[in-house]
Amino acid sequence: MLHAAPAELSPAETVRFTAPAEITPQAAAVSQADGPAVSAFGGELVNAVTGSELWAQDPDVSRPMGSITKVMTALLVLQAGDLNQEITVTKGAVRYAEKDGASSAGLIAGDELTARQLLYAMLIPSGCDAAYLLATAYGPGRSAFIAKMNAMAAELGMTATHFTSFDGMPYPTEHSTYSSPADLVRLGEAAMQFPLFRQIVGLRRYYLPANAEHHSYRWQQTNLLIGSYPGALGIKTGNTKAAGNCLLFEASRGPTTLIGVVLHAAPSSNPSSAIAAARKILNWGFAVGLALLRGL
């Protein structure tokens, strides 16, 4: 699926990439059958322009995916619109993000942020507090919002997916929110159609200055491909005990755009294992693409 070009970024939001490294003839000669040398419970790599699958590991097997869940939360908010509505940060949202294993955007109770600003807070530092507020506002109510998540999953043809949370945290049980690699790639393609989503997930960091309605915030990207892997475009990390280290990712070089996902990358003890796996998968995929272009 061909993605629309993102809207122009402000100077504060611009991410600068180094030029893609030259792919050697040896790398270009890799065959599609070889596959990338990664170890993970599941994964898939797809050409985002042609839709062709380049590599897969149990693509239709459902597994927990942690905070990749927040991509669906963002998709529903973006489709609903009204992004300038102001939402008050509640004590409940702050307490929720203090739960064991939850990631936080550090939101301060009493602050008023727009839904647009909360998307930044949810997608860049993976703020569970921001996800809580967005789900509450756009349900309205969190239970209603989760029902909308499952309805959207059905609409997108995500038949191996089920949501019981708006952020991927292991509630009520560790395996109650799950998806498959193929479904998550489909979800990523849908979300990346929105220019604002593409802008946010492509940012290495974001600073929100203080004003009369809220404190200042400085958010750092959890997806370490951004700013370090040439052509990386996004999109979302995920990590829980059940999910392991996960990453839904997209990158572009020349005419080729690849979208993929890796679930429970090994070793689980290395918090960067999914990032390392995605690098290998993308390097392999771009080498395959170049080889196909050259007719090798």
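All of the numbers you see were taken from the coordinates with simple rules; none came from a lab. Remember, predicted model here, so these are calculated numbers, not experimental data. Ideal geometry is used to build each Cβ from the backbone, glycine not excepted, and the neighbour counts take in all protein chains shown.
Give the residue, chosen from LEU203, LEU258, that is surrounded by 16 or more Cβ atoms within 10 Å (Cβ to Cβ), in a strand (DSSP E or B) and among the hydrophobic types (A, V, I, L, M, F, W, C). Step through it out loud before you land on a result.
Working: LEU203 fails: in a strand (DSSP E or B).
One residue alone meets the criteria, LEU258.
Scan the range 154-176 for residues that are closer than 22 Å to LEU118 by Cα and either of a type in the set (S, T, N, Q) or in a helix (DSSP H, G or I) (or both) and the total you get is 2. Just one of the listed residues (ALA160, ALA154, ALA144) is touching a residue at least 40 places away in the same chain (Cβ under 8 Å) and more than 21 Å from SER103 (Cβ to Cβ), namely ALA160.
Residue check: is GLY238 assigned to a strand (DSSP E or B), in contact with a Pro (Cβ under 9 Å, 6 or more places away or on another chain) and under 30 Å from ASP111 (Cα atoms)? Outline the logic, then answer.
Numbers: assigned to a strand (DSSP E or B): yes; in contact with a Pro (Cβ under 9 Å, 6 or more places away or on another chain): yes; under 30 Å from ASP111 (Cα atoms): yes.
When the stated conditions are applied, GLY238 passes them.
Is it the case that some residue within the range 171-193 is crowded, with 16+ Cβ neighbours inside 10 Å, under 24 Å from ALA102 (Cβ atoms) and more than 18 Å from the chain's Cα centre (by Cα)? Checked against the condition, which is being crowded, with 16+ Cβ neighbours inside 10 Å, under 24 Å from ALA102 (Cβ atoms) and more than 18 Å from the chain's Cα centre (by Cα), the range 171-193 yields no hits at all. Per the listing TRP219, TRP284, the residue uniquely touching an Asp or Glu at 6+ places or on another chain (Cβ under 9 Å), crowded, with 19+ Cβ neighbours inside 10 Å and on the phi < 0 side of the Ramachandran plot is TRP284. Restricting GLU155, GLU98 to residues that are more than 21 Å from the chain's Cα centre (by Cα) and either within 27 Å of PRO181 (Cβ to Cβ) or exposed (fewer than 14 other Cβ atoms within 10 Å of the Cβ) (or both) narrows the list to GLU98.
Listed here are the residues, each with its yes/no results for (1) in a helix (DSSP H, G or I); (2) in contact with a Phe, Trp or Tyr (Cβ under 8 Å, 6 or more places away or on another chain); (3) farther than 28 Å from ARG95 by Cα.
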{"site": "ALA131", "(1), (2), (3)": "yes, yes, no"}
{"site": "GLU189", "(1), (2), (3)": "yes, no, yes"}
{"site": "GLN193", "(1), (2), (3)": "no, no, yes"}
{"site": "GLN199", "(1), (2), (3)": "yes, no, yes"}
{"site": "ALA210", "(1), (2), (3)": "no, no, no"}
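Of everything in the range 92-116 that is assigned to a loop (DSSP other than H, G, I, E, B) and of a type in the set (A, V, I, L, M), the residue that is nearest to ASP129 (Cα to Cα) is ALA97.
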